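Here's the structure, in structure tokens; my notes come after.
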Amino acid sequence: MRAAFVIPWYGRGIPGGAEAMCRLTAENLAQRGVDVEVLTTCLHSLEKSWDQDHHPPGETVEAGVRVRRFSIDPRNVGFFALLNDRLVRGAPLTPSEQRAFLENMVNSRALDDYIAQAQDCLFFPLPYLFSTTWRTIRLRPEASVPISCHHDEGYAYLDPIR
């Protein structure tokens, strides 16, 4: 059985506790001979554009960890920003707005397809607030062990996230 971390972006120098924990855990497991990989998008990080690939799609090995990157899908940036602003201010979203928020976040049909078809794999999606986590759990609930890295913030109260 292979361990697969699913995270929106991956690599050295990316800020964030969940990102650092994912990278260090994957590296430590790989050093101990565990069959581990990271499934991620081609995005650079939280702080860079979510609207174009930064890395090329495909497979690399970084610090002994197999990393598979998948191209991102187009999204409605303006609508996402409007919904995100409402969440940050503590305003509720309707169920359809909640789905639209996740559908216009960080998504990759290619990543979803890989997860849906992967065999002998246990998925560890993180952090909780990104649609890569939500979609992994929906696609493979029987093989998903989410690592929430939870913050008490508006995103945590979205119905699909709860």
Discussion item. From the list Arg23, Arg69, Arg89, exactly one residue is at pLDDT below 95 and either more than 22 Å from Glu142 (Cα to Cα) or in contact with a Pro (Cβ under 7 Å, 6 or more places away or on another chain) (or both). Which is it?
Written reply: Arg89
Discussion item. Need pairs with beta-carbon distance below 7 Å; first residue open to solvent by 20 Å² or more (accessible area, probe 1.4 Å) and within region 125-142, second of a type in the set (D, E, K, R) and modelled with pLDDT of 95 or more; sequence gap 6+ or separate chains.
Written reply: Arg135/Asp112; Leu139/Asp112
Worksheet, complete the sentence: Sole miss for His151 among (1) more than 24 Å from Met1 (Cα to Cα); (2) in a helix (DSSP H, G or I); (3) open to solvent by 20 Å² or more (accessible area, probe 1.4 Å) is condition (2)
Item to complete: Please go through region 15-40 and pick out each residue that is surrounded by 20 or more Cβ atoms within 10 Å (Cβ to Cβ) and outside any helix (DSSP H, G or I).
Response: Val36, Glu37, Val38, Leu39, Thr40
Discussion item. Here is a check on your reading of the model: is Leu43 surrounded by 16 or more Cβ atoms within 10 Å (Cβ to Cβ) and over 26 Å from Glu97 (Cα atoms)?
Written reply: no
Discussion item. For region 92-107, which positions are of a type outside the set (D, E, K, R) and in contact (Cβ under 8 Å) with a residue 60 or more places away in the chain?
Written reply: Leu93, Pro95, Gln98, Val106
Item to complete: Determine which single condition Phe70 fails, assuming it passes every other condition in (1) without any contact (Cβ under 8 Å) to a residue 12 or more places away in the chain; (2) in contact with a Cys (Cβ under 7 Å, 6 or more places away or on another chain).
Response: (1)
Worksheet entry | Given (1) without any contact (Cβ under 8 Å) to a residue 12 or more places away in the chain; (2) open to solvent by 60 Å² or more (accessible area, probe 1.4 Å), number of the condition Arg86 does not satisfy | (2)
Response to the item:
Of the candidates Ala63, Ala81, the one satisfying the condition of being touching a residue at least 24 places away in the same chain (Cβ under 8 Å) and not acidic (Asp, Glu) is Ala63
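The values are calculated or read from the model by the stated rules, or taken from the named source; none is laboratory data. These numbers come from a predicted model, not from an experiment. Heads up, the Cβs are rebuilt from the backbone with ideal geometry, glycines too, and the neighbour counts pull from every protein chain shown. What goes into the accessible areas is simple: the full protein's heavy atoms, side chains included, and nothing from ligands, DNA or RNA. Shrake-Rupley method; radii C 1.70, N 1.55, O 1.52, S 1.80 Å.
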